[in-house]
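Visitor: Below: one structure in structure tokens.
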Amino acid sequence: MRKFVFIILIFFPLDNTFSYPQILEVKGNKDYLLIEENTLPIVDVRISFDMGSIHDENKKGITSFAVNLLHQQLYQNKKIIYYFEKIGAQYNSNVTKEKTEFMVRFVSSEENIKYISKMLNIMLKAEHLSDEMVQDNIERVVGIIDRRNLDPSSLVQKKANEIFYSNTTYSHPSIGYKEYVKSFNVGDAREKINEIITSNTMSISIVGNISENMSAFMISNIIGEIDGSGQIFESSSSTPKNNNKSVHIPFDSTQTHILIYIPAITRSDSDFYNLLVANHIFGGSGFGSMLMTEIREKRGLAYSVYSYMLPYEDFGVLKIYMQTKNENVNDALDIIEQQIMQLKNFDIPNEKVEKTKTSIKNNLISRLDTNKNMLNTLSAINDYNLEKDYFKNYIYGIDNVNLSSIKSALENKLDFDNSMVFTLGNK
């Protein structure tokens, strides 16, 4: 969840006092979005491809594995990451269930724009993969997997996904499993990169001190000679369906981790804003939320407890997470169950709903307070194919939420009957 920024604007009508940034489609292309922000001489770029770990097929973890090889390629006897660091640029990559992303931040200048776009093009063409790189990466990834399996917060997430998403391609961790990773070779990596890196599945989001013309120039350099005929892969997953289960995962720890999944909706669903407001009241707003009030403030059973909505392309999930001492698990679960029933019934005063709507609208500013936060928001707009006038529609969507519409959305769009409760710790 993003941090909250409390400022004096909360006392005024937000849409009359805050000027939202203009989103440009670079040269009319809806896949290339720009917010020109000249406060700092910085440019942030995110390149996204419509392939993630759900497309690993029978080589679980190969997408993440292959993507992590790209910046390690040798170009003129130096790793490509060296060329980013040489000019002080920050580079990162990420593979999610549905997306592959590359992020670069650099000081804005015409020379740097040319340089960065050239290096990104060389990196994405993946012409310098080697067996040695693959073997080194196998050792590194196996070490990460081993450490993950010793971390209870990571382990409960992994186990919960495997069970909850068991009938879908979303079940395995993006990083994969050791038995698969150890079998990868350079041919596997090349084949996967060729599937991922295609211009017809690419979107680019740019925020910073750069004009539309220079953005178009940079994008042209990035995608130069990158094949645009790649296949667009569809997920074969179905929506998770379970019979209201509780699963305990044994783990030697003084704390028990609790994770609850409730099937929900996609980002494009007409009831998204209704459930956004409901979740904010339930567990998405920190102190003052139903969960935090009952679990921490009244009973001191946990330092933190929260809920959040996680939308995917074809379905979504409302997640609840907390950890507590082993001896408090039953009490904590009873209270969470009571709070879920209150969420389902949503007997909340209308005044609370209206205050929450105002808070959510004001919190939108915290997603625009830095270039990086602005890039995260712009990338979400790009990934979910949201409207160019997103900010106006966001405010409009929140304004149209009311107590009745929330109750209808909770009844029809949250699948409480197929929720699952996971606990990890000593029995």
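Visitor: For the range 332-353, indicate whether the set of residues that are in contact with a Ser or Thr (Cβ under 8 Å, 6 or more places away or on another chain), buried (at least 19 other Cβ atoms within 10 Å of the Cβ) and over 30 Å from G208 (Cβ atoms) is non-empty.
Guide: Yes, that holds for at least one residue.
Visitor: Quickly run through the range 245-272 and pick out the residues that are in contact with a helix residue (DSSP H, G or I) (Cβ under 8 Å, 6 or more places away or on another chain), in a loop (DSSP other than H, G, I, E, B) and closer than 18 Å to S153 by Cα.
Guide: F251, S253, T254
Visitor: Count, please, the residues in the range 354-376 that happen to be over 22 Å from the mean Cα position of the chain (by Cα) and loosely packed, with under 14 Cβ neighbours inside 10 Å.
Guide: Number satisfying all stated conditions: 1.
Visitor: Looking at the structure I just gave you, is S270 of a type in the set (S, T, N, Q), surrounded by fewer than 16 Cβ atoms within 10 Å (Cβ to Cβ) and either on the phi < 0 side of the Ramachandran plot or within 23 Å of the chain's Cα centre (by Cα) (or both)?
Guide: The answer is yes for S270.
Visitor: Now a separate question. I'd like the residue in the range 18-44 that is surrounded by 12 or more Cβ atoms within 10 Å (Cβ to Cβ) and among the hydroxyl-bearing types (S, T, Y) and, out of all such residues, is modelled with the highest pLDDT.
Guide: Y32
Visitor: Does K357 meet the test of being touching a helix residue (DSSP H, G or I) at 6+ places or on another chain (Cβ under 7 Å), farther than 28 Å from H257 by Cα and either charged (D, E, K, R) or outside the structural domain of Y273 (by TED's automatic domain parsing) (or both)?
Guide: Numbers: touching a helix residue (DSSP H, G or I) at 6+ places or on another chain (Cβ under 7 Å): yes; farther than 28 Å from H257 by Cα: yes; either charged (D, E, K, R) or outside the structural domain of Y273 (by TED's automatic domain parsing) (or both): yes.
Judged against the criteria, K357 is a match.
Visitor: Does the range 195-208 contain at least one residue that is surrounded by fewer than 16 Cβ atoms within 10 Å (Cβ to Cβ) and closer than 24 Å to R367 by Cβ? Don't jump to the end; show me each part of the working.
Guide: Applying the first criterion (surrounded by fewer than 16 Cβ atoms within 10 Å (Cβ to Cβ)) to the range 195-208 yields 200.
Retained after the next criterion (residues that are closer than 24 Å to R367 by Cβ): none.
No, there is no match, as no residue in the range 195-208 is surrounded by fewer than 16 Cβ atoms within 10 Å (Cβ to Cβ) and closer than 24 Å to R367 by Cβ.
Visitor: Going through S199, S236 one at a time, which residue ends up being of a type in the set (G, A, S), over 29 Å from M341 (Cα atoms), modelled with pLDDT under 90 and assigned by TED's automatic domain parsing to the domain that holds L69?
Guide: The unique qualifying residue is S199.
Visitor: So, one more: Looking at the range 314-331, which of its residues are part of a loop (DSSP other than H, G, I, E, B) and surrounded by fewer than 19 Cβ atoms within 10 Å (Cβ to Cβ)?
Guide: D314
Visitor: Right, another one. Being under 15 Å from H172 (Cβ atoms) and among the β-branched types (V, I, T) is the filter here, so list the residues in the range 30-60 that pass it.
Guide: Selection gives I54 alone.
Visitor: Does Y384 fit the bill of being touching a residue at least 24 places away in the same chain (Cβ under 8 Å), assigned by TED's automatic domain parsing to the domain that holds L276 and aromatic (F, W, Y)?
Guide: For Y384, the condition - touching a residue at least 24 places away in the same chain (Cβ under 8 Å), assigned by TED's automatic domain parsing to the domain that holds L276 and aromatic (F, W, Y) - is met.
Visitor: Out of I81, I47, I need the residue that is in a helix (DSSP H, G or I) and surrounded by 15 or more Cβ atoms within 10 Å (Cβ to Cβ). Which one? Lay out the reasoning, then the answer.
Guide: Values: I47 fails: in a helix (DSSP H, G or I).
The unique qualifying residue is I81.
The values are calculated or read from the model by the stated rules, or taken from the named source; none is laboratory data. These numbers come from a predicted model, not from an experiment. When we count neighbours, we look across all protein chains shown, and the Cβ atoms used for this are built from the backbone with ideal geometry, even at glycine.
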